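The values are calculated or read from the model by the stated rules, or taken from the named source; none is laboratory data. The model shown is predicted, which means the values in this text are computed figures rather than measured ones. Glycine gets a Cβ as well: all are built from the backbone with ideal geometry, and neighbour counts include every protein chain shown. Each accessible area value is taken on the protein alone, full model and side chains, heavy atoms only, with ligands, DNA and RNA left out. Shrake-Rupley method; radii C 1.70, N 1.55, O 1.52, S 1.80 Å.
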Amino acid sequence: MLVDSHCHLNFPNLANQLPEIKAAMQANAVNHALCISVTLPDFPEVLALAEHNEHFFASVGVHPDYEDIQEPTVEELVQLADHPKVVAIGETGLDYFRLKGDLEWQRTRFRTHIRAAIAAGKPLIIHTRSAAEDTIRIMTEEGANQVGGVMHCFVEDMAVAQQAMDLGFYISFSGIVTFKNAKSVKEVAKQVPLDRLLVETDSPYLAPVPYRGKTNNPSYVKHVAEEIASLREISYEAVAQASTDNFFRLFKHAKRIN
Ligand SMILES: [Zn+2]
Ligand SMILES: [Zn+2]
């Protein structure tokens, strides 16, 4: 049994293949998936996926890569998160790789999400790219340790992983860990304690080897777990069991269905 802790099933190239994807998930014992919201207008689609499929959960948030878009308030996020199937706030965070210039608005938006998560009592899903120092600083300043969460699609080094874990966060690995040249990510995946590790696809992006370059989907999360098991020289079952237990410990509002 495995959980995909981060996917975008409402994106068009996945939403139109839902029956096939669900069958593939079942065939690979991927029992649950967390569908991630990236804008306020896309949230109803994400929530509908969770409402119509007992094995799917939803998050609410506005991704740092969308600049000219409806800005959420703390109150709005808290209100939208007040639903049994909304188990997290995000994805939120900082991305200094995709966007350049004065990104103060990203930092403000990130703070809004952390405040909303604390008010709602739900964990955070954090995206950080080329912005680790500011990400950890804002998490610390805003008291993100009160709710914890996950550093999704982690590509930073072990020092950053440790700082996040010190704030009570989990570390989630995507298909990047299967890429031949991702040496530092493989190293972190070896070292993160087993009780802090999650797996994800971030589908439709970042399909793991042997599907690299193709459209990703939650059933492929199996290849992420297999790679981590092989790196750590432990069984696939051990990674599947630990990452699943971690998921339901962190996202305590998510109901486990067997
Ligand atoms: Zn992301
Ligand atoms: Zn994402």
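Condition test on A159, is it within 15 Å of ligand 1 (Cβ to nearest atom) and more than 22 Å from L40 (Cα to Cα)?
Working: within 15 Å of ligand 1 (Cβ to nearest atom): no; more than 22 Å from L40 (Cα to Cα): yes.
Answer is no for this residue.
Here are some residues: E45, E54. Which one is without any contact (Cβ under 8 Å) to a residue 40 or more places away in the chain and either on the phi < 0 side of the Ramachandran plot or touching an Asp or Glu at 6+ places or on another chain (Cβ under 8 Å) (or both)?
Working: E54 fails: without any contact (Cβ under 8 Å) to a residue 40 or more places away in the chain.
Exactly one of E45, E54 is without any contact (Cβ under 8 Å) to a residue 40 or more places away in the chain and either on the phi < 0 side of the Ramachandran plot or touching an Asp or Glu at 6+ places or on another chain (Cβ under 8 Å) (or both), namely E45.
Mind telling me which of the residues T140, T215, T178 ends up being hydroxyl-bearing (S, T, Y) and within 16 Å of ligand 2 (Cβ to nearest atom)?
Numbers: T140 fails: within 16 Å of ligand 2 (Cβ to nearest atom); T178 fails: within 16 Å of ligand 2 (Cβ to nearest atom).
Only one candidate passes the filter, namely T215.
Go through (1) surrounded by fewer than 24 Cβ atoms within 10 Å (Cβ to Cβ); (2) free of Cβ contacts under 8 Å to residues at least 40 places away in the same chain; (3) touching a Ser or Thr at 6+ places or on another chain (Cβ under 7 Å) one by one and return the number of the condition A24 breaks.
The failed condition is (2).
Among (1) open to solvent by 10 Å² or more (accessible area, probe 1.4 Å); (2) of a type outside the set (S, T, Y); (3) within 16 Å of ligand 1 (Cβ to nearest atom), there is one condition E54 misses while meeting the rest; what is its number?
E54 satisfies every listed condition except (3).
Among strands (runs of 3 or more DSSP E) lying entirely in region 1-119, which contain 3 or more residues that are within 16 Å of ligand 2 (Cβ to nearest atom), of a type in the set (S, T, N, Q) and under 17 Å from the mean Cα position of the chain (by Cα)? I'd like the intermediate steps shown before the answer.
Values: elements: 2-7, 30-35, 56-60, 86-95.
Qualifying strands (runs of 3 or more DSSP E): none found.
Are any residues in region 73-98 more than 16 Å from ligand 1 (Cβ to nearest atom) and open to solvent by 10 Å² or more (accessible area, probe 1.4 Å), and if so, which ones? Outline the logic, then answer.
First pass over region 73-98, keeping only residues more than 16 Å from ligand 1 (Cβ to nearest atom): 73-87.
Selection gives T73, V74, E75, E76, V78, Q79, L80, D82, H83, P84, K85.
Out of V192, V199, V209, V147, which single residue is β-branched (V, I, T), within 16 Å of the chain's Cα centre (by Cα) and away from ligand 1 (no atom under 16 Å from the Cβ)?
Details: V192 fails: within 16 Å of the chain's Cα centre (by Cα); V199 fails: away from ligand 1 (no atom under 16 Å from the Cβ); V209 fails: within 16 Å of the chain's Cα centre (by Cα).
Exactly one residue qualifies, and that residue is V147.
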